[in-house]
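Chemist: One structure, as structure tokens, below. Some questions next.
The values are calculated or read from the model by the stated rules, or taken from the named source; none is laboratory data. Predicted model, so just to flag it, every value in this text is computed and none were measured. Here Cβ is always computed from backbone atoms with ideal geometry, including for glycine, and neighbour counts include all displayed protein chains. These accessible areas exclude ligands, DNA and RNA; they are computed on the full protein's heavy atoms, side chains included. Shrake-Rupley method; radii C 1.70, N 1.55, O 1.52, S 1.80 Å.
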Amino acid sequence: GKINKHEYVVCLLLNDSSASSSSLSCRLREQFSLNGMYQKGDVILGGLFEVHYFTVFPELSFNSEPQQLYCEGFTSRGFKQAQTMAFAVDEINRNPDLLPNIKLGYQLYDNCLKLGVSLRAAMSLASGTEEEFLLDETCSGSPPVLGIVGDPGSTHSIAISSVLGLFRVPMVSHFSTCSCLSNRGKYPSFFRTIPSDAFQVRAMIQILHRLGWTWVGLVFSDDDYGFHAARSFHSSLAESRGCVAYSQVLPKDNRPTELQRIVGEMKSSTARVVVVFSNEAYLLPLMDEVVVQNVKGLQWIASEAWTSSTVFHTPRLMPYLGGTLGIAIRRGEIPGLRDYLLNVRPNDQPANNPGNNMVKQFWEAVFGCRLEPPAGWVEAGGDVCTGQEDLRDVETNYGDVSELRPEYNVYKAVYALAHALHDLLQCVPGRGPFSGHRCASLQRLEPWQLVHYLERVNFTTEFGDRVSFDDNGDALAIYDIMNWAWLQDGSVQVENVGVIDESAPAGQELTLDVDRIFWNFESKKPPRSVCSESCPPGTRVARKKGEPVCCFDCISCAEGEVSNTTEDFWSSPERDLCIPKGVEFLSYQESLGISLMTASLLGALICAVVLGIFTRYRNTPVVKANNSELSFLLLLSLKLCFLCSLLFIGRPRLWTCQLRHAAFGISFVLCVSCVLVKTMVVLAVFRTSKPGGNASLKWFGAVQQRGTVLVLTSFQAAICTAWLVSASPTPHKNTRYHIDKIVYECVVGSVAGFGALLGYIGILAFLSFLLAFLARNLPDNFNEAKFITFSMLIFCAVWISFVPAYISSPGRYADAVEIFAILASSFSLLVALFGPKCYIILLRPERNTKKALMGRATTKT
């Protein structure tokens, strides 16, 4: 991240350079021919502005060195912004409290509205334009410019910041609004004093919502600014339940056939509102075609890129563009700027710098004369400038400071860089923010150090606006809402009719005075722009297949009418109103749901209590008998069985439908597996009491018991996984049970999967019952088999009766039947297996001894 001016030239190869190993110097081979303005200073700030809007490239013959390109089409708006930067630098130099004893200078370039020219200008700023300079051993020194104000174009800023960001050269743009530039990973040193398009889009959506416009057309320029804004607008409008009627890209080459097609679609569309993200260069050819096809009756919504443009305020275009609503950059006031603008003189610029020609070009464009006339100019009747002409004598927007918007952003950008540099120089040695608590120095300043302070800059302008940047380098977002009023005398008056302030409380960001808006329609009222009008009483919405959600048909409420689009509604008894159908599912609010939930929680609580008792008396013979580890695992699985029944209560969701049967199946298999293994342990222990039976328990020890439970449970987990992957249960709105009611239920998806889940549980339960039945008459000290037999008998009876009851129960009662089966079988296992043991532990502790258990066994034998 550390780079200086020498490295720009040698490492980046921004200009063709060569280095002599003997003299250790760098020398420029060529320099770009760029229009610019320059003022010397101890510290130089760079600037990029749109002063010309057309670039003439030389012909490439490949036989000789090509000529330098040149720019045409001077625009005073871009020059005015450049002069605003010069004024801000001059004002800072006269301020004794900001950067005292340091004189700021500037190097400003014209980008000619071309990316190639803009890149050349930025590289010249970064590398410097010295013909030759010497390298010292450390290659140290301040860079040619400490920071750059601009570029105004988003595409230009993306390209420039992608390169200069590698070396953390700070850029503060006054007009680049693309939301993509908020990506700090790609553009780590990019800042801006204009809000991001993300907020501009949100502002437009709020205006559309306030005025009830849900059906709009979208037109955008073929560049990064247009594409990113359009993508954001599409998603934001959909979230607010609005729709885009058409979305058209303005061609870069202004192809007449393409423009005719776009205007033709605008003319035929039912959308009366058109949102445009573009600048005037792209939009002017479209408006010419709008005039040709005489497309009136549209309400235009302007992005900030063309809201303040006066090139549209002509008698030819205003019949079509009158009443335009636009998002405008925050207006500001800069005291003293008007006098500075009007007092500029071409003779005040140093003549020894060939790139210092911007004022000269402005002068010749305003007065229509030449300061240095070419041969034959005078003979042809051309005027010669003296340089003493008075700008107050000509009518131009150049001296108008009533609507300072991009200029105000330029002003804030210069001051942001100045305040960052001022804070940097105020650093106290030993307390600096850099490694080792170092401070930066002006003599060895590196760009990334200025970025550190720029991220933390915070000041207030004389106009009262606070300037600071968030973590993405974005400024505080605030917009004015402008309205183009077309007056009776043919003049145009741009009125401020509202404001959008992101810092305002939620829901109060938009302030819009609808009564002050000029509407360019015969009714003098805002137009209606909806795809389909709201359905009248007695009808309901029917979506059109393949159409946006804003477009629908209104069909009558007919009793018994059910379709994919109208199944949620039912007609009133008078058949004059659509009433939403009632919904039915096993709810937590009804008595049945509350009863089942209470029973479920009670079972889980009893499991927890029994678990606590067994933990407290874990070293007693009753608990230790027949593998206490299996008893604890069985209690945990029973608790899960009780809790999984809660998933069957409440409105079915996708995740509850998928989880309820899987949780139920795995929990019950874990439970029944523990019972099966306990039964097998009873038989194994009994066999060890017979001659030669010691090997039985040896081959069925604690490890084998755990492994058996794990393997049996894993089979069920595999069944559930295959079921969920192949044909997962899903929520379903069932209208077959009741004609005026919707039953929410979970469809099992795969009957085979559900059957496999229940069948596997049944097989394990039957095996447990069979083994326990065979072991029921074993000696008393092994008589847990009797309780297992009893519990599994109830378990099997419950689930055998469950199947026909579940199939014949409609809607919520099917869920209630399944919950009842889960609770009944769980309680049978809990009471039969743990009830007798808890009785001995708590009420007959004298029987909870090894001697007592063995004594009973002796008596019996």
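Chemist: Within region 838-861, can you find the residues that are touching a helix residue (DSSP H, G or I) at 6+ places or on another chain (Cβ under 8 Å) and modelled with pLDDT of 85 or more? Break it down into steps so the answer makes sense when it comes.
Modeler: We begin by selecting, within region 838-861, every residue touching a helix residue (DSSP H, G or I) at 6+ places or on another chain (Cβ under 8 Å); these are 838, 840-842, 846-850, 852-854, 856-857, 860.
Passing the criteria: C838, I840, I841, L842.
Chemist: Among the residues of region 422-458, what is the count of those that are part of a helix (DSSP H, G or I) and without any contact (Cβ under 8 Å) to a residue 12 or more places away in the chain? Before you say what the answer is, go through the steps one by one.
Modeler: Residues of region 422-458 that are part of a helix (DSSP H, G or I), as a first pass: 422-425, 435-437, 447-454.
Applying the additional criterion that residues be without any contact (Cβ under 8 Å) to a residue 12 or more places away in the chain yields 435-437.
Total satisfying the criteria: 3.
Chemist: In region 60-117, what count of residues is obtained for those that are part of a loop (DSSP other than H, G, I, E, B) and either of a type outside the set (A, V, I, L, M) or in contact (Cβ under 8 Å) with a residue 24 or more places away in the chain (or both)?
Modeler: Filtering region 60-117 down to residues part of a loop (DSSP other than H, G, I, E, B) leaves 60-69, 75, 94-103, 111-114.
Now narrow it down to the ones that are either of a type outside the set (A, V, I, L, M) or in contact (Cβ under 8 Å) with a residue 24 or more places away in the chain (or both): 61-69, 75, 94-103, 111-114.
The qualifying residues number 24.
Chemist: Can we say I555 is among the hydrophobic types (A, V, I, L, M, F, W, C) and either within 30 Å of P188 (Cα to Cα) or in contact (Cβ under 8 Å) with a residue 60 or more places away in the chain (or both)? Outline the logic, then answer.
Modeler: Values: among the hydrophobic types (A, V, I, L, M, F, W, C): yes; either within 30 Å of P188 (Cα to Cα) or in contact (Cβ under 8 Å) with a residue 60 or more places away in the chain (or both): no.
When the stated conditions are applied, I555 does not pass them.
Chemist: Please list, ordered by first then second residue, the pairs with beta carbon atoms under 6 Å, 6 or more apart or interchain, first in region 146-166 and within 14 Å of V410 (Cα to Cα), second open to solvent by 20 Å² or more (accessible area, probe 1.4 Å) and among the hydrophobic types (A, V, I, L, M, F, W, C).
Modeler: P152/F175
Residues checked against (1) under 30 Å from L424 (Cα atoms); (2) of a type in the set (V, I, T); (3) open to solvent by 70 Å² or more (accessible area, probe 1.4 Å); (4) modelled with pLDDT of 75 or more:
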residue: N15; (1), (2), (3), (4): no, no, no, no
residue: A19; (1), (2), (3), (4): no, no, yes, no
residue: N35; (1), (2), (3), (4): no, no, no, yes
residue: G41; (1), (2), (3), (4): yes, no, no, yes
residue: I44; (1), (2), (3), (4): yes, yes, no, yes
residue: F49; (1), (2), (3), (4): yes, no, no, yes
residue: N63; (1), (2), (3), (4): no, no, yes, yes
residue: L69; (1), (2), (3), (4): no, no, no, yes
residue: F74; (1), (2), (3), (4): no, no, no, yes
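Chemist: Please indicate, with yes or no, whether at least one residue in region 401-417 is of a type in the set (K, R), within 30 Å of F191 (Cα to Cα) and not in a strand (DSSP E or B). Break it down stepwise before answering.
Modeler: First, pick out the residues of region 401-417 that are of a type in the set (K, R): 405, 412.
Keeping just the survivors that are within 30 Å of F191 (Cα to Cα) gives 405, 412.
With the extra rule that they be not in a strand (DSSP E or B), the set shrinks to 405, 412.
Yes: region 401-417 contains one or more residues that are of a type in the set (K, R), within 30 Å of F191 (Cα to Cα) and not in a strand (DSSP E or B).
Chemist: Go through region 606-642 and report how many residues are modelled with pLDDT under 85 and within 30 Å of I594 (Cβ to Cβ).
Modeler: Matching residues across region 606-642 total 0.
Chemist: Which of (1) open to solvent by less than 80 Å² (accessible area, probe 1.4 Å); (2) touching a residue at least 12 places away in the same chain (Cβ under 8 Å); (3) over 20 Å from S402 (Cα atoms) does W484 not meet, given it meets every other one?
Modeler: W484 satisfies every listed condition except (3).
Chemist: Within region 456-471, track down each residue that is open to solvent by 60 Å² or more (accessible area, probe 1.4 Å) and out of contact with any strand residue (DSSP E or B) (no Cβ under 6 Å at 6 or more places or on another chain). Talk me through it step by step, then tell me what you get.
Modeler: Kept after step one, since they are open to solvent by 60 Å² or more (accessible area, probe 1.4 Å), are these residues of region 456-471: 456, 458, 460, 462-463, 466, 470-471.
If the condition is that a residue be open to solvent by 60 Å² or more (accessible area, probe 1.4 Å) and out of contact with any strand residue (DSSP E or B) (no Cβ under 6 Å at 6 or more places or on another chain), then R456, E462, D470, D471 are the ones that fit.
Chemist: Among the candidates S673, S726, S645, S714, single out the residue that is modelled with pLDDT of 85 or more, open to solvent by less than 30 Å² (accessible area, probe 1.4 Å) and either assigned to a loop (DSSP other than H, G, I, E, B) or farther than 30 Å from G582 by Cα (or both). Outline the logic, then answer.
Modeler: On the way: S726 fails: open to solvent by less than 30 Å² (accessible area, probe 1.4 Å); S645 fails: either assigned to a loop (DSSP other than H, G, I, E, B) or farther than 30 Å from G582 by Cα (or both); S714 fails: open to solvent by less than 30 Å² (accessible area, probe 1.4 Å).
Going through S673, S726, S645, S714 in turn, the sole match is S673.
Chemist: Follow-up question, since we're still on this one. Testing F569 on (1) open to solvent by less than 30 Å² (accessible area, probe 1.4 Å); (2) modelled with pLDDT under 90, one condition comes back false. Which one is that?
Modeler: With respect to (1) open to solvent by less than 30 Å² (accessible area, probe 1.4 Å); (2) modelled with pLDDT under 90, F569 is out only on (1).
Chemist: Moving to a separate point now. Quick check: is even one residue across region 365-384 without any contact (Cβ under 8 Å) to a residue 60 or more places away in the chain and under 48 Å from the mean Cα position of the chain (by Cα)?
Modeler: No, there is no match, as no residue in region 365-384 is without any contact (Cβ under 8 Å) to a residue 60 or more places away in the chain and under 48 Å from the mean Cα position of the chain (by Cα).
Chemist: Just to be sure, is Y408 closer than 22 Å to L146 by Cα, in contact (Cβ under 8 Å) with a residue 12 or more places away in the chain and surrounded by 14 or more Cβ atoms within 10 Å (Cβ to Cβ)? Show your work before the answer.
Modeler: Working: closer than 22 Å to L146 by Cα: yes; in contact (Cβ under 8 Å) with a residue 12 or more places away in the chain: yes; surrounded by 14 or more Cβ atoms within 10 Å (Cβ to Cβ): yes.
Yes.
Chemist: Working carefully through the options R255, R210, R231, R241, find the one that is under 24 Å from I517 (Cα atoms) and either at pLDDT 95 or above or open to solvent by 30 Å² or more (accessible area, probe 1.4 Å) (or both). Break it down into steps so the answer makes sense when it comes.
Modeler: Details: R255 fails: under 24 Å from I517 (Cα atoms); R231 fails: under 24 Å from I517 (Cα atoms); R241 fails: under 24 Å from I517 (Cα atoms).
Testing whether each residue is under 24 Å from I517 (Cα atoms) and either at pLDDT 95 or above or open to solvent by 30 Å² or more (accessible area, probe 1.4 Å) (or both) leaves just R210.
Chemist: Shifting gears a bit: Mind counting the residues in region 500-541 that are open to solvent by 40 Å² or more (accessible area, probe 1.4 Å), modelled with pLDDT of 90 or more and in a strand (DSSP E or B)?
Modeler: Total meeting the criteria: 1.
Chemist: Additional query: Being open to solvent by 50 Å² or more (accessible area, probe 1.4 Å) and part of a loop (DSSP other than H, G, I, E, B) is the filter; apply it to region 352-367 and report the residue that is modelled with the lowest pLDDT.
Modeler: Only one residue fits best here, namely N352.
Chemist: Follow-up question, since we're still on this one. Exactly one of these conditions fails for C178: (1) within 25 Å of G41 (Cβ to Cβ); (2) in contact with an Asp or Glu (Cβ under 7 Å, 6 or more places away or on another chain). Give me its number.
Modeler: (1)
Chemist: Still on this structure, please answer the following. So I205 passes all but one of these: (1) out of contact with any helix residue (DSSP H, G or I) (no Cβ under 7 Å at 6 or more places or on another chain); (2) open to solvent by 10 Å² or more (accessible area, probe 1.4 Å); (3) assigned to a helix (DSSP H, G or I). Which condition number does it fail?
Modeler: For I205, the failing item is (1).
Table: residues versus (1) buried (at least 19 other Cβ atoms within 10 Å of the Cβ); (2) of a type in the set (S, T, Y).
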{"residue": "T155", "(1), (2)": "no, yes"}
{"residue": "L164", "(1), (2)": "yes, no"}
{"residue": "V201", "(1), (2)": "yes, no"}
{"residue": "V249", "(1), (2)": "no, no"}
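Chemist: Among D470, D423, which is under 21 Å from K186 (Cβ atoms) and modelled with pLDDT of 90 or more?
Modeler: Selected residue: D470, the only one of D470, D423 that is under 21 Å from K186 (Cβ atoms) and modelled with pLDDT of 90 or more.
Chemist: When you go through (1) in contact with a Lys or Arg (Cβ under 8 Å, 6 or more places away or on another chain); (2) of a type outside the set (A, V, I, L, M); (3) assigned by the TED database to the domain that holds A121 one by one for T214, which number turns out not to apply?
Modeler: (3) is the only condition that T214 fails.
Chemist: Within region 249-282, how many residues turn out to be under 22 Å from F199 (Cα atoms) and either of a type outside the set (S, T, Y) or out of contact with any Ser or Thr (no Cβ under 7 Å at 6 or more places or on another chain) (or both)? Spell out how you get there, then give the answer.
Modeler: First pass over region 249-282, keeping only residues under 22 Å from F199 (Cα atoms): 249, 273-280.
Next cut, either of a type outside the set (S, T, Y) or out of contact with any Ser or Thr (no Cβ under 7 Å at 6 or more places or on another chain) (or both) only: 249, 273-277, 279-280.
Going through region 249-282 one residue at a time, the tally reaches 8.
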